Every structure is written in structure tokens, then in C-alpha cells.
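To start, the structure under review is shown below, and the notes come after it.
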Amino acid sequence: MRITQKITILLLATVSLLAACAGKPNAEKQSTGTVSAPVFNGDSAYQFVQRQVDFGARVPGTAQHTACAAFLDTTFRRFGAQVTIQNGEATLYDGRTMRFKNIIACYNPQASKRLLLCAHWDTRPYADQDTNPANHHKPILGANDAASGVGVLLEVARQLHLNEPTIGVDIVLFDLEDWGTPEFYTGPQREDTWCLGSQYWAQQAVKSGYKAEFGILLDMVGAPNAQFYKEQISTYYASFAVEKVWNAAQSLGFGSYFINQSGGAVTDDHLYVNRVANIPCIDIIQYNPYSTTGFGDYWHTMDDTMKHIDKNTLYVVGQTLLQVIYNP
Ligand code: AHN
Ligand code: ZN
């Protein structure tokens, strides 16, 4: 018998003894070596996506947007979160001013080790990628972009309420992500016209000294058989978090969704969380650098509806998040 084998047997015996002393029948957990997390409910997440889409387009400045904000606020409160609404004002691509609301749900506020989970909850006022030019000034329903990410996070919140995590979790729903310069605009160009809510949140995070170990942004995480490549801004600022999340997904058997390959770079809310707030943050986004648009062909069209939402994909993403949250 080699020395390593002896040590292994000794360790196993010690672990069994400790388990017996604690009186917890968790031998199964130890023998398989798997780590545990609550089970994410894909049907529940799907319903949360549907509830948002039922309001219609959630474009800032509209009654539907206001109604959806109230729904998100009350739902997080129902799930035991400490909720803060961050009201702000930003300048759009054309110089107009727009009011917005970032919605922040906090779990375990006293914990110093924290995880940031985010998605944008507004929808784009322009279907400027639609094949029919008559639709270019119409708002999109945004089932995948980005009610899908918010739906996953609402189900995560429900699970956090049922099973208190050891770490702190902050769920931030960014507003005004998707009012970036439209294709049809011919006026003077401004910089950074996307992600206006997250830009503001990141500036406030600096002022308040908010810190998290890392962040995970969800964007377009609901399409059937979606593939998530390792997005390059994520890898640049937070490769450890990319590895952690992609490894968690592989360990759960989700390797056909979480592709172990580098994808393109996408300007998204996580850029400002990284660059401005200085919090390492990754983006789980359906972006295929080898396809024509990069995104699904319903992206920024009137066709971004519930027919492109699959509860299996929501489950895969949500279960991966729970694996990360409950095994810090
Ligand atoms: C740009 O198209 C510059 N960024 C994509 C970010 C986005 C828009 N995500 C959803 N809608
Ligand atoms: Zn969009």
C-alpha cells in the first residue's frame, strides 16, 4: 500500500467519524463528492418571464415600465429581500433626458463576502434590426432581451428566500440598458449610449464603497439550445469568475450550453461594473462570434417573444447560479 492510499483511507475514516458525530446522514453527499444546492425551478422562471412580457414592452417613461417596476419590487419583497429603488436621470443618444429606476434586492446584508447578480429589465424602444423598416421605431417585447435574465433572477430570489445562503447576494436589475444609438440615427454620435442605468449604478457603487467578490450578468439566457461562449470582456477583467461559472456548469452536465471556448466581446452592463465600479463581473450572454448578427435573428426585432423562450435553458443557467451561490 502506497502512502497516499493510506492517507486517503485515514481521511475517509476521519470524515465518516465527523459525519457520525454531527449526526447528519450526509454520507451520500460525501461519497459522490458532489456539492449540493437547491433545485432551480425552470417552470417558475418561465412564469416570471411571462409575467414581465404580459405588461407589454417595458420602455422607460411608459406606464408599462412603471407597472413592471412595481411588480419586480413587490415580488422581491415577497421573497424576503431588502429592496432599494435607485432613481436616476441620464442623457440619451440624441441629447434627450430620461428618468430610470435600477432595482436592487439584497440578501444577507450583514455578510461581508458578497456576490452580485444582475440583468437589465428595460426593453428597447426600437426594433431597428427588424426586416420590416416600418417596425424600426416600434418597441420590442424583449422576452429574451432581457426578461429571460430577470426571470432567472426572480427564481433565484425565491430560492434564496427558501434556503438562506451563507454569503450575501445582491441582485441588481439595471434600467435603461437598451436605448443605445439606433441604426437609423444620422445625427452627431455620442459615446457610451448603451447601459445608462449600469453606468449610474457603478458611479454610485464607487461613492458608497460597495464591494462584491465578483458579479454575474445575465443577458439573453432563455433561447432553446442557447450557447454561451466565454465573452472576452469577462475574461479580460474576471477570468477567475469565468472559470468558476463555466466549471460549475460542466460539473452539472451543461457543457452543450456553456461552451468551453472564447467568444467575441460584447459591450454590456458588465463593462461598467468592471471599468467604473472595479468589481470583476462576467456576462453570460448568447453571443456566437461565428454567426452573422452574433445574436439570435429575432434580436432587436418585433419577434423577440415568448416563442423563443425555453424553460430548459432557463433551468441550466439558474441551476448553474445556485451551484455557485451555495458552494462559495
Ligand atoms: C451592443 O449592441 C452595443 N451591445 C449589446 C448589448 C445588448 C443590447 N444586450 C441586449 N441588448
Ligand atoms: Zn437589446
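The values are calculated or read from the model by the stated rules, or taken from the named source; none is laboratory data. In this text the structure is predicted, and so the values were computed from the model without any measurement. Counting neighbours? That spans all protein chains shown, and the Cβs are built from the backbone with ideal geometry, glycine included.
A few points about this structure:
- For beta carbons closer than 7 Å, sequence separation of 6+ or different chains, a first residue in segment 192-208 that is within 12 Å of ligand 1 (Cβ to nearest atom) and a second that is among the hydroxyl-bearing types (Ser, Thr, Tyr) and assigned to a helix (DSSP H, G or I), the qualifying pairs are CYS195/TYR272; SER198/TYR272.
- None of TYR326, TYR315, TYR287 is within 30 Å of GLN159 (Cα to Cα) and modelled with pLDDT under 95 except TYR287.
- The numbered conditions (1) touching a His at 6+ places or on another chain (Cβ under 9 Å); (2) more than 16 Å from ligand 1 (Cβ to nearest atom) are all true for GLY296 except (2).
- The requirement of being within 12 Å of ligand 2 (Cβ to nearest atom) and crowded, with 24+ Cβ neighbours inside 10 Å is fulfilled nowhere in segment 151-173; no residue meets it.
- Selection of first residues in segment 108-133 that are under 19 Å from MET98 (Cβ atoms) and among the small types (Gly, Ala, Ser) and of second residues that are more than 11 Å from ligand 1 (Cβ to nearest atom) and part of a loop (DSSP other than H, G, I, E, B), restricted to Cβ pairs under 9 Å at least 6 apart or on distinct chains, gives the following pairs, ordered by first then second residue: ALA127/HIS136; ALA127/HIS137; ALA127/LYS138; ALA127/PRO139; ALA127/THR301; ALA127/MET302; ALA127/ASP303.
- Strands (runs of 3 or more DSSP E) within segment 221-328 that include 2 or more residues within 16 Å of ligand 2 (Cβ to nearest atom) and not hydroxyl-bearing (Ser, Thr, Tyr): 281-285
- Residue check, GLY209 in contact with a strand residue (DSSP E or B) (Cβ under 8 Å, 6 or more places away or on another chain) and closer than 26 Å to PRO109 by Cα: no
- Of all the residues in segment 258-270, those that are closer than 27 Å to ASN102 by Cα and either of a type in the set (S, T, N, Q) or crowded, with 24+ Cβ neighbours inside 10 Å (or both) number 4.
- Every residue from segment 184-196 that is within 17 Å of VAL266 (Cβ to Cβ) and within 16 Å of ligand 2 (Cβ to nearest atom): ASP192, THR193, TRP194, CYS195, LEU196
- Condition check for VAL276: within 23 Å of VAL49 (Cα to Cα), aliphatic (A, V, I, L, M) and out of contact with any strand residue (DSSP E or B) (no Cβ under 6 Å at 6 or more places or on another chain): no
- The residue that is nearest to ligand 2 (Cβ to nearest atom), counting only those in segment 206-217 that are of a type in the set (Gly, Ala, Ser) and within 18 Å of the chain's Cα centre (by Cα), is GLY215.
- Unmet requirement for TYR93, which otherwise passes all of (1) away from ligand 2 (no atom under 16 Å from the Cβ); (2) surrounded by fewer than 23 Cβ atoms within 10 Å (Cβ to Cβ): (1)
- Inter-residue pairs, beta-carbon under 6 Å, first free of Cβ contacts under 8 Å to residues at least 12 places away in the same chain and in segment 42-68, second not in a helix (DSSP H, G or I), 6+ apart: GLN64/PHE55; GLN64/GLY56; GLN64/ARG58
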